[in-house]
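Read-outs throughout are calculated quantities, based only on the coordinates presented, and are distinct from any laboratory measurement. All values derive from a computational prediction rather than experimental measurement. Reconstructed Cβ throughout: ideal geometry from the backbone, glycine too, with neighbour counts over all protein chains shown.
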Amino acid sequence: MGAFLAKRLAQAVVVAFGALTLVFVIVRAVPGDPAKLIVGPDASAGQLESVRSDFGLDDPLWRQYVDHLGGIVRGDLGDSWRLGGSALTNTLERFPATLTLALAALVLTVAIGIPLGMLCARRPGKVLDLVVSTGSLAGQAIPSFWLGIVLILLFARHLDWLPATVDGSPAAVLLPALTLSLPFIGWLARLVRSSALEEGAKDYARTARAKGVPEGTIQYVHVGRNIAIPVVTVLGLLMGNFIANAVIIEVVFSWPGIGSLMVDAITNRDYAVVEAAILTITLSYIVLNLFVDVVYFVIDPRLTPEDA
């Protein structure tokens, strides 16, 4: 297990390094002069040069990159010129809001998707199965920002059931969480359905039926236990996707998370905050995948580190 974790951590370092390098290049390739945004369009040439010198913007790109990596090693991603203070601190202050949104979306996906999938597996080819299959394809095809706007118009404007933006109430998380989860509910249901049908056709399930074990017990106890590994895999990936996909949803719903912070930082060329946000999202995704790998061994002790 120790060697397995060491291997995963080494892979995580490589992925994080690649993500940071890519973001470093992309944000500096975007047209626009950050110095003009900092001091304003009417600044003199001297003021612009002073700002560029203070933030290292007048250094060659390779020198900026080396200094950037050195700062990361020291745990210093630089300061935000727009918000003031450490870019990493500003990012981590917003991360709990994004995590809350992602967890709420995951709960909705699990609470609806898994029962739907088990019901479809018990009645394959029936009306519910066809509806879920069609809805799954439609949900994945619909752009999330468009879906969010439609949900706001329906539930916040016309029906006035839920708040459209953050108002301090627990209900404020429902619409953005539903927007995040809807494209994946049908997808999870289809995965659970196909896994349950495959397991339900195996010898142990047929033997249980021959012994008179109720179909519900077979499906929800015996089959359910054996489809846990693929479902756990998907849930770990979904949580990472929810954190990453929250970028657009947070803007639509004015959610004060890391996604809206990053979009604002990109608009204002606040390089340090963009890189801190990307690093936080990347590490979250890596940690979730590592957690899923470890959970494998808890669910099925027969597995070895080579199986994960």
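Computed from the C-beta positions of Thr134 and His158 and an R0 of 35 Å, the FRET efficiency is 0.90 to the nearest 0.05. The phi torsions of the range 159-164, fed into the Karplus equation with coefficients 6.51, -1.76 and 1.60 and a -60° offset, translate into couplings of 8, 6, 8, 10, x, 7 Hz, rounded to whole numbers, with Gly and Pro shown as x.
Just to confirm my numbers, what's the Cα centroid distance between the range 123-192 and the range 204-259 in Å? What the calculation gives is 16 Å, centre to centre.
In the range 200-257, the C-alpha radius of gyration followed by the widest Cα-Cα span (Dmax) gives 19.2, 56 angstrom.
Taking the beta-carbon count within 10 Å as an exposure proxy, list His158, His222 from fewest neighbours to most. Ascending Cβ contact count within 10 Å gives the list His158, His222. Ordered by the count of other Cβ atoms within 10 Å of each Cβ, fewest first, Phe155, Phe145 give Phe145, Phe155.
What list of ³J(HN,Hα) couplings, whole Hz, do you get for the range 138-147 from phi and the Karplus terms 6.51, -1.76, 1.60, once you set θ to phi - 60° and write x for glycine and proline? Rounded to whole hertz, the list is 5, x, 7, 8, 7, x, 5, 5, 5, 4.
The stretch between Asp264 and Asp203 holds 16.3 nm of extra length on full extension. This uses 0.36 nm per residue minus the Cα-Cα distance. The slack between Ser50 and Arg225, meaning 0.36 nm per residue of separation minus the straight C-alpha distance, is 56.6 nm.
Divide the volume of the convex hull around the Cα atoms of the chain by the residue count and you get 163 Å³ per residue.
Available extension along the chain between Val294 and Glu93 is 69.5 nm, counting 0.36 nm per residue and deducting the alpha carbon span.
Taken one residue at a time, the phi angles of the range 268-285 give Karplus couplings (6.51, -1.76, 1.60, θ = phi - 60°) of 9, 6, 8, 3, 4, 5, 4, 5, 5, 5, 4, 4, 5, 5, 4, 5, 4, 4 Hz. Gly and Pro are set to x.
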